[in-house]
Amino acid sequence: MDYIVNLVGIDFVAIGSDFDGTNGYLVEGLSNVTKYPYLTLALLERGYTHNQIRKILGENFLRVFKQVCK
């Protein structure tokens with residue numbers, strides 16, 4: 001996550017909740033959406049702000065989705 005944020009910026013990073021088609025290749029500890037609170041905690045521990053976490057967990061996706069669906 002840090003690599004992508006540093007590469008493209010926080011406004012272009014988002015997490016999806018669609019686990020279909022992963023063929024079992026999942027991030028350790030993130031096997032389904034019920035684990036998202038742990039992701040949030042990990043992001044806080046890495047120094048991400050609440051605003052940045054909101055962007056990653058949904059606001060960025062919603063912004064792009066609205067732009068595409070105009």
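The values are calculated or read from the model by the stated rules, or taken from the named source; none is laboratory data. As the structure is a prediction and not an experimental result, all values here were calculated from the model. Cβ sites come from the backbone with ideal geometry, for glycine too, and all protein chains shown count toward neighbours.
Values as computed for the structure displayed
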quantity	calculated
Count of residues meeting criterion [in a loop (DSSP other than H, G, I, E, B) and of a type in the set (Phe, Trp, Tyr)] in region 43-70	1
Selection from region 1-58 of residues that are exposed (fewer than 11 other Cβ atoms within 10 Å of the Cβ), hydroxyl-bearing (Ser, Thr, Tyr) and at pLDDT below 95	Ser17, Thr22, Tyr25, Thr34
Residues being free of Cβ contacts under 8 Å to residues at least 40 places away in the same chain and in a helix (DSSP H, G or I) - total across region 6-42	13
